[in-house]
Amino acid sequence: MVVPFRNEPFTDFSKENEVKGYEAALQQVEQELGQEYPLIIGGEAIYGKAWITSYNPSQKDQVVGRVTKADLEHAEQAIQGASQAFKQWRRVPAEHRARYLLKAATLLRQRKHYFSAWLTYEAGKSWAEADADTAEAIDFLEYYGQEMIRINRPVELVHFPGEDNQQNYIPLGVGVIIPPWNFPLAIMVGITVSAIVTGNTVVLKPASATPVIAAKFVELMKEVGLPDGVLNFLPGSGSEVGDFLVDHPLTRFVSFTGSRDVGVRIYERIAKVQPNQIWLKRYIAEMGGKDFIIVDHDADLDGAARNIVTSAFGFSGQKCSACSRAIVHEDVYEEVLAKVTQITEQLQVGDVRQQETYMGPVIDQSAMNKILGYIAIGKAEAKLVTGGNALELNGFFIQPTIFRDAAPASRIMQEEIFGPVVAFTPFSDLDEAFAIANGTEYGLTGSLFTRNRESIERAREELHVGNLYFNRKCTGALVGVHPFGGFNMSGTDSKAGGPDYLYQFLQAKLTSEAF
């Protein structure tokens, strides 16, 4: 019997047994570093001549693992294999498909610290951030499995005399799954299994910075008995293999999470009908944000300050929902800025294998260069309060950085930095605050801190983001609790982890019989 969905609890690391368990998992993963992983196409392990090497961002010369790098021939094989597998997988009853996810959730829960330790090594996640990532992956498995059972029930239609009318949902076909590196387990799992449980088959092209954790999950799905060809594992170049997969006439849909520029590029390519293509491809995209926290004069200032820090610097600001704009009432501007600065300067930055570390590295040299470039821009556009430098460690470490008095139209207030940088700007009334908050091309998350009920109700109508929060952080959406997705250039408002999400991988079919 399936029990009602409940979010996976986060680990309480104040308990000695949990600390010892995580330390043991880190030691186990350390012993497994440097292994090689094949492509998986139609259930067959394929090793090639080219490799993608994954490094530990906390210790940039340490190899986490190597995965085979696919070429165009492999990509064609994967699409064809998925297409063949679809013929049988689509006919597997929905409840049977759901059981694969529920079993995988059980195994992942049993190995929670093990998978989290891989996130610490490969993605540079602190203990708490890695644990939350793994918990969210478990949630996606449980939630989408149960959702598939729910939506498979008969659809209620208006009765018409003399006819038997039925509507049901059928899968689309072959999907291309392109997850990000910043949630390399949770989002990768979510956008992969949502497509699979709805009866589709997929080609998973993991992020090149974090392919090993994806390989580990593919191994887990093999362990639960997922049929060959339903999930094909295809690491490779985005500009070569990625474009080929997106353009392929047998591709029925693309599910993507990543940057605005890449997302827009896929949107353009997917819109072009290829020779022998007999459908319009569907696109599910989440493309980032320029998220805000507004602090009004009547807010809990201590709570607002803590939540700004958590939202801005959790996982080094490498979240599409991270707070990169603090919009603060002029009457409390200096006080909130001082509180945020004091908390920030006490954060411990360093190797996330150490439990006490709050903020670890950014993902790689390219990201580090980009963030430092934006910090240089910020120094010309605003006033640096704290941080602003790289740390001389054997990894990609940047100080948590705060700017003040940033103009709403400045680049550091408009462009997604995706790093540990937050810019402050003052406002005089809510008209101005809401205009600043809405004044970017994004619309993903935001938060308002106020004790005024009228201000909250007004914000519900006027702040144009997919996930709007009050008196809490703008990060940390929970599956089933906070369906996640944004407006404008933040994507297609896909609402991951919500009751509408699985319908994006299905199409409605009506049958009508006269009698």
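Where a number appears in this text, it was derived from the coordinates with a stated rule and is not lab data. Bear in mind that the values here come from a model prediction, so they are computed numbers and not experimental data. In this analysis, Cβ positions are derived from the backbone assuming ideal geometry, glycine residues included, and neighbour counts consider all displayed protein chains.
Quick rundown of the values:
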{"quantity": "Label-point gap, in nm, between residue 166 and residue 6 - each point 7 angstrom along Cα→Cβ", "calculated": "3.6"}
{"quantity": "Within the chain, helix-based [θ] at 222 nm, where runs of 4 or more DSSP H residues each add -39,500 (n - 2.57), nearest 500", "calculated": "-12000 deg cm²/dmol"}
{"quantity": "Unit charges on C-beta of K, R, D, E only; dipole of the chain, Debye", "calculated": "1280"}
{"quantity": "Between helix 186-197 and the chain: long-axis angle, C-alpha atoms, 0 to 90°, nearest 10", "calculated": "20"}
{"quantity": "Ranked list, fewest to most other Cβ atoms within 10 Å of each Cβ, for 356, 129, 345", "calculated": "356, 345, 129"}
{"quantity": "Given charges at beta-carbon only (K, R positive; D, E negative), |dipole| of region 291-478 in Debye", "calculated": "560"}
{"quantity": "Option label - Rg/Rh (Cα atoms, Kirkwood Rh) computed here, alternatives (1) 0.96; (2) 1.05; (3) 0.98", "calculated": "(3)"}
{"quantity": "Amide H within-cut-off set for residue 449, under 5 Å, with H built and near neighbours excluded", "calculated": "294, 295, 296, 471"}
{"quantity": "For region 180-324, with +1 on Lys and Arg beta carbons and -1 on Asp and Glu, the positive-most of 213, 196, 294 along the dipole", "calculated": "196"}
{"quantity": "Rounded Å value of the spacing that divides the Cα centres of region 167-196 and region 102-152", "calculated": "14"}
{"quantity": "Karplus-derived 3J(HN,Hα), 6.51/-1.76/1.60, for each residue of region 352-358, Hz, glycine and proline x", "calculated": "6, 5, 8, 4, 6, 6, 8"}
{"quantity": "Rounded to 10°, Cα long-axis angle of helix 211-223 versus longest principal axis of the chain", "calculated": "40"}
{"quantity": "Distance in nm between pseudo-label sites at residue 380 and residue 23 (7 Å out along the Cβ direction from Cα)", "calculated": "4.9"}
{"quantity": "Value of relative contact order over the chain, rounded to a whole percent, pairs C-alpha under 8 Å and six or more apart", "calculated": "17"}
{"quantity": "Gyration tensor verdict on region 51-132 (Cα atoms; rounded if a/c is under 1.5, prolate if a/b is larger than b/c, oblate otherwise)", "calculated": "oblate"}
{"quantity": "Theoretical FRET efficiency, 1/(1+(r/R0)^6), r = Cβ-Cβ of residue 15 and residue 510, R0 51 Å, to 0.05", "calculated": "0.40"}
{"quantity": "For region 207-268 and region 337-412, distance of Cα centres in Å", "calculated": "31"}
{"quantity": "In region 64-140, the trypsin sites (Lys or Arg not before Pro) that fall in loop regions by DSSP, at most 11 other Cβ within 10 Å", "calculated": "91"}
{"quantity": "Test item: Cα-centred dipole of region 72-138, Lys/Arg +1 and Asp/Glu -1 on Cβ, debye", "calculated": "520"}
{"quantity": "Overall Cα dimensions of region 291-478 - principal axes, largest extent first, Å", "calculated": "50, 34, 29"}
{"quantity": "Relative contact order of region 291-478, pairs being alpha-carbon contacts under 8 Å that are 6 or more residues apart, as %", "calculated": "29"}
{"quantity": "The chain: antiparallel DSSP beta bridges as a percent of all, rounded to 5", "calculated": "40"}
{"quantity": "Residues residue 107 and residue 61, FRET efficiency given R0 of 25 Å [Cβ-Cβ distance, rounded to 0.05]", "calculated": "0.15"}
{"quantity": "Shape call, region 64-202: gyration tensor on alpha carbons, a/c limit 1.5", "calculated": "oblate"}
{"quantity": "In region 200-272, the trypsin sites (Lys or Arg not before Pro) that fall in loop regions by DSSP, at most 12 other Cβ within 10 Å", "calculated": "272"}
{"quantity": "Proxy reagent accessibility, fewest Cβ within 10 Å first, across 267, 121, 37", "calculated": "267, 37, 121"}
{"quantity": "Fewest-first sequence of 86, 13 by Cβ atoms within 10 Å of each Cβ", "calculated": "13, 86"}
{"quantity": "Region 375-512 - percent relative contact order, Cα under 8 Å, separation 6 or more", "calculated": "15"}
{"quantity": "Residue 55 long-range amide H proximity, modeled H, under 5 Å", "calculated": "64"}
{"quantity": "At R0 = 56 Å, FRET efficiency that the Cβ-Cβ distance of residue 300 and residue 50 yields, to 0.05", "calculated": "0.55"}
{"quantity": "Distant-in-sequence amide H partners of residue 35 (H built 1.01 Å from N, under 5 Å)", "calculated": "66"}
{"quantity": "Shape call, region 323-410: gyration tensor on alpha carbons, a/c limit 1.5", "calculated": "oblate"}
{"quantity": "Long-range tail of P(r) for region 147-293 (Cα pairs > 27 Å, %)", "calculated": "30"}
{"quantity": "Additional length obtainable on full extension of the chain from residue 224 to residue 90, 0.36 nm per residue less Cα span", "calculated": "46.4 nm"}
{"quantity": "Backbone HN-Hα couplings from phi across region 312-329 [Karplus 6.51/-1.76/1.60, Hz, Gly and Pro as x]", "calculated": "7, 10, x, 6, 6, x, 8, 10, 5, 9, 4, 6, 10, 9, 10, 10, 10, 4"}
